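Asker: Once you've had a glance at the structure underneath, I'll fire off some questions.
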Amino acid sequence: MYASILAGGSGTRLWPLSTTTTPKQFLRLPGPDTMLQATIARIAPLISLDQLYIVTAGAYRDAVTAQLPDLPTGNIVAEPAGRGTAASIGLAATLIALRDPTAVMGSFAADHAIADTARFRQALAFAETVARQGYLVTLGIQPTHAETGYGYIRFGAALAHSDGLAAHEVDAFVEKPRRTLAEEYLRAGNYVWNAGIFLWRVDRIRDEIRRYLPVIADVLDEIGAAAARTAGRVTPAVERVIAAVWPRLHENVTIDTGVMERARRIAVVPISVGWNDIGSWAQVATLYTPDEFGNTIVGLAPERHFEVRTSDSLIYSTTGRDVTIAGVEGLIIVDTGDTLLICSKEQAQLVKEIAEHARGRPQRISGVDSAEPS
């Protein structure tokens, strides 16, 4: 099996710790490894570094090289500009197909956390067998609550079973629902969260991109012709071709809307593996063990923080300076030295909007309406 790991990102959801120069996949959340390194370690028993491609932005090439010194340099794909996951995944599939025209590839984000790695690998191995039969396979997360911030997948009849896992026909991809609808999905039992984890044969996904996204397919064909001379490795000559043809991609197209929502023979494998996309500071808090009051303290020695009548709050510090809070509940406090973020857990998704405004350094942001998570 081969794999592509998407390691782009704008660094807004976990601002101010995550920035445009250091998005979250390059951070240690939690543990000694960065999220990118943890993603690779998670799949390493199934996929060797030689069969792994990292698709990233040009600005992050050096960070990828520094964090993955054993990865062949020809397996780092730097996009000139972000044009959506359809182009990113399609580019990796094009390169892999030059090495094995019917290889199965997995596609993973570099910034997810998974607690049960053994079960996750078991699901990948099972999904690979389904993908070899010609299905486009996605791993769906069995919902634990009525989440409104994720897309859902509705599934139907079972196609195959193995060791407590099942692959089902996909009936529909569903957009982020309202609360009442999300509660209905939870009760129905045949809906899973769309985590953006895919497995398929490279010939199948390339055919579907050709069918539904011909402009992207044409661009990828030109890159493939150049990479054929390097056996699917990215060299300076291949990079020059990428730079020359990439501007013809004018729109950002996701693999979900561009292909998965339109193609046939789609399968989903529901899994429960402690998945977390770490899309907000509230989700960061769930990665750590809270104290008896539900408070999570990261980066501070016990003598450096003091809370009075405070509960369900996150304090995350990279400075180590004293923090004292009293009489609050459900707060997020992030101290990076040059920036102090304070917000409620309920509005943690607004950090993305704040980060986008902060790039222009406005004096104050007011009148921000609450919105469903993005």
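Asker: Please sort by residue number the GluC sites (Glu not before Pro) in the range 137-215 whose DSSP state is loop and whose Cβ has at most 16 other Cβ atoms within 10 Å.
Answerer: E175
Asker: Still on this structure: What is the set of long-range amide H partners of Y53 at a cut-off below 5 Å, with H atoms built 1.01 Å from backbone N?
Answerer: Under 5 Å from the amide H of Y53 lie the amide H atoms of A3, S4, I5, each far enough along the sequence or on another chain.
Asker: Show me the trypsin sites (Lys or Arg not before Pro) within the range 260-345 that DSSP assigns to loop and that have at most 14 other Cβ atoms within 10 Å of their Cβ.
Answerer: Answer in residue order: R262, R264, R309, R321.
Asker: Another one. Classify the range 55-192 as rounded, prolate or oblate from the Cα gyration tensor: take a ≥ b ≥ c as the square roots of its eigenvalues, call it rounded if a/c is under 1.5, otherwise prolate when a/b beats b/c and oblate if not.
Answerer: It comes out prolate by the Cα gyration axes.
Asker: Name the GluC sites (Glu not before Pro) in the range 277-321 that are in a loop by DSSP and that have at most 14 other C-beta atoms within 10 Å, would you?
Answerer: Passing sites in the range 277-321 are E292.
Asker: Right, another one. What are the ³J(HN,Hα) values, in whole Hz, obtained from phi via the Karplus relation 6.51 cos²θ - 1.76 cosθ + 1.60 with θ = phi - 60°, for each residue of the range 2-8 in sequence order, with x given for Gly and Pro?
Answerer: Once θ is set to phi - 60°, the couplings for the range 2-8 become 10, 8, 10, 10, 8, 10, x Hz.
Asker: Where a ≥ b ≥ c are the square roots of the eigenvalues of the C-alpha gyration tensor, would you call the chain rounded, which needs a/c under 1.5, or, failing that, prolate if a/b is larger than b/c, or oblate?
Answerer: Verdict is prolate for the chain.
Asker: Which whole-Hz couplings ³J(HN,Hα) result when phi for each residue of the range 59-74 is put into the Karplus expression 6.51 cos²θ - 1.76 cosθ + 1.60, θ = phi - 60°, listed in order with x for Gly and Pro?
Answerer: Going residue by residue, I get 5, 9, 4, 5, 5, 4, 4, 5, 7, 10, x, 8, 6, x, 4, x Hz, with x marking Gly and Pro.
Asker: Sticking with this one: Using amide H atoms built in the peptide plane, which far-off residues or other-chain residues are under 5 Å from A195 H to H?
Answerer: Those qualifying (amide H under 5 Å, at least 5 residues apart or on another chain) are I141.
Asker: Which residues in the range 4-31 have a backbone N closer than 18 Å to a point placed 7 Å from the Cα of R359 along the Cα-to-Cβ line?
Answerer: Within reach of a label on R359: 7-26.
Asker: Ordered by residue, what ³J(HN,Hα) values in Hz, to whole numbers, does the range 173-181 give under the Karplus form 6.51 cos²θ - 1.76 cosθ + 1.60, where θ = phi - 60° and Gly and Pro are x?
Answerer: 9, 10, 5, 4, x, 5, 4, 5, 6
Computed from the coordinates by the stated procedures, all read-outs in this text should not be read as laboratory data. Treat the numbers as computed from the prediction; the structure is a model and nothing was measured. Here Cβ is always computed from backbone atoms with ideal geometry, including for glycine, and neighbour counts include all displayed protein chains.
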